[in-house]
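Just below is one structure, and these are the notes that go with it.
The values are calculated or read from the model by the stated rules, or taken from the named source; none is laboratory data. Keep in mind it's a predicted model, so treat the numbers as computed, not measured. Heads up, the Cβs are rebuilt from the backbone with ideal geometry, glycines too, and the neighbour counts pull from every protein chain shown. Just so you know, the surface numbers come from the protein's heavy atoms only, side chains and all, with ligands and any DNA or RNA stripped out. Shrake-Rupley method; radii C 1.70, N 1.55, O 1.52, S 1.80 Å.
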Amino acid sequence: MKVLHIGMPSHFTEGMLYQENMLIAMNRKDGHDVTIITDVYHYEGSKLVKGPEEDRILDNGARLIRLEYDRVFNSDLWTEKIQKCRKLKKYLKEIQPDTILYHGVCGFEMMDVADYCKHHPECLFFMDSHEDYTNSAMTPLSKAFYKFIHGHFVHKALPQVDKILYLGVQMRDWLKDIYGIPDNKMEFMAIGGIIYSTEQQREARQNIINKYSLPQDAIIMAHSGKLSAGKRTAELLQAFTQVSDPRLALFVFGSIPEDMESTLRPLLESDNRIRFMGWKVNKEIEEFLAGVDLYCQPGGQSSTFETAMCCGCANMTYPHETYKDATYSDCNGENYFFVETVEDMVNVFKSITETPLLLEQTKAKSFAFAKLQFDYEVIARRIYTA
């Protein structure tokens, strides 16, 4: 089967664990001919870098095509927002895909994809939604732009779309509110991860203990990302330092924005149980998480949440609607530690030090749920059938 991923504003970056990367890898593992068409930007560390147009084969055998947008109104802003690229039509005709996954429910080119599928009705056409009110349509002007400009593109394309796959309940509600997408056109598809076996988890944990001279009964925790205010890293560090148990160890991965340097640096250096690891590629973080007990995400949502579950971690997270929904949580919500305040975080740390069995039970429930819901080997096959 010829599988085509189109992520025009995705900034596809090799070595990351974003959805596009993982789906492509799993599609290749299933033996399919896979292509990703994306923009000319990629990340180098935490910086977004512009590169040339290119057409080449990745290490996993997938084809990577990078294309520049057409200029719109001779404006960088309009060019970026409209996401028009006339060259895409040529590649649709050349590749002749059997199934297409268009990443993100926005952009001019969804209409060209729909036109291709109208003339090739055997080709499956899926879109996935990463958008919600935490990252899109956050102001009245932006909301109007999505509703009327991208909304026009959406409703032109919608008759040819087999399903719009939303990644969480907040995305589903956003699609309904902004575009009025009917329920029968939408379906849940989780962000996932690679399942690490219990043996791999034990080995990774022992490697961390050995490398960092931790006690055998250490409670290993991790936190990662671009450490902006929305990640609530400062609050996490404040809570951590209030619980003095020597078994606790917190590893922080990421980059510190300039405006957070004066806040975070003193906190990171205030406790020798905290280790700042700097920026790492996602694969390094994933392999580390396989040895971690508790992943701490007290702020905004992140795909590392699902990665951590697949690695065997329990999650401590803000109670976002997506994570409370049945598609993400077991029937009693006992597979996560939900926290809103610094006091809540302190209470979690005290609970898991006073009752280590609680942490082990939560890890076990989380991992069992991940194997059922978040295995990318299973998720990637969703786009093979209507």
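Beta bridges from DSSP with both residues in the chain: antiparallel share about 15 percent, rounded to the nearest 5. Simple spin-label estimate for THR263 and MET1 gives 4.5 nm between the two label positions (7 Å along the Cα-to-Cβ direction from each Cα).
Before I look further, what does the stretch 61-112 give for accessible area per residue, probe 1.4 Å, in whole square angstrom?
Details: 2390 Å² over 52 residues.
On a per-residue basis, the stretch 61-112 sits at 46 Å².
Accessible area ranking (1.4 Å probe, heavy atoms, ligands and nucleic acids excluded), largest first, for LYS324, LYS280: LYS324, LYS280.
Report summary: the helix-based calculation at 222 nm, which adds -39500 (n - 2.57) for every DSSP H run with n ≥ 4 and divides by the residues of the chain, gives -11000 deg cm²/dmol.
Once the piece of chain linking LYS324 and THR385 is laid out straight, how much longer is it, given 0.36 nm per residue of separation minus the C-alpha distance between them?
On the way: separation 61, 0.36 × 61 = 21.96 nm, distance 2.88 nm.
Fully extending the segment from LYS324 to THR385 adds 19.1 nm.
Per-residue Karplus couplings for the stretch 130-139, computed as 6.51 cos²θ - 1.76 cosθ + 1.60 with θ equal to phi - 60°, are listed in order as 9, 8, 8, 6, 8, 9, 8, 6, 8, 10 Hz, Gly and Pro entered as x. VAL342 sits with roughly 40 Å² accessible to a 1.4 Å probe, with DNA, RNA and ligands left out of the calculation.
With the highest mean first, a sort of the peptides 136-147, 243-254 on other beta-carbon atoms found within 10 angstrom per residue produces 243-254, 136-147. Computed from phi, the 3J(HN,Hα) profile of the stretch 367-375 under the Karplus parametrisation 6.51, -1.76, 1.60 (θ = phi - 60°) reads 5, 4, 5, 4, 5, 7, 10, 10, 7 Hz, with x in place of Gly and Pro.
Here the label points at LYS226 and GLU284, each 7 Å from Cα along the C-beta direction, are separated by 1.8 nm in the simple model. Charge dipole (Cα centre; +1 on Lys/Arg Cβ, -1 on Asp/Glu Cβ; no other charges) of the stretch 274-386 amounts to roughly 300 debye.
Please compute the length gained on full extension between ASP177 and LYS156, using 0.36 nm multiplied by the number of residues separating them and subtracting their Cα-Cα distance.
That pair, ASP177 and LYS156, stretches by 5.8 nm at full extension.
The residues of the stretch 169-279 expose, per residue, 46 Å² of accessible area to a 1.4 Å probe.
Pairs from the list LYS118/LYS371; LYS163/LYS371; LYS87/LYS163 with a Cα-Cα gap above 29 Å: LYS118/LYS371.
Got a number for carbon plus sulfur as a percent of the chain's accessible area, 1.4 Å probe? Kindly include the intermediate steps, with their values, before the conclusion.
Details: 8660 of 16990 Å².
Of the solvent-accessible surface of the chain, carbon and sulfur hold 51 percent.
Close amide H partners of LEU124, meaning residues 5 or more places away or on another chain with modelled amide H under 5 Å apart, are THR99, ILE100.
The 3J(HN,Hα) values that the Karplus relation (6.51, -1.76, 1.60; θ = phi - 60°) gives for the stretch 315-326 are, in residue order, 10, 10, 9, 5, x, 4, 4, 4, 6, 8, 5, 4 Hz. Gly and Pro appear as x. A dipole drawn for the chain from +1 and -1 charges on Cβ atoms has a positive end, and of GLY193, THR241, ILE100 the residue lying farthest that way is ILE100.
Computed from Cα atoms, the angle from the helix 109-119 axis to the main principal axis of the chain rounds to 60 degrees.
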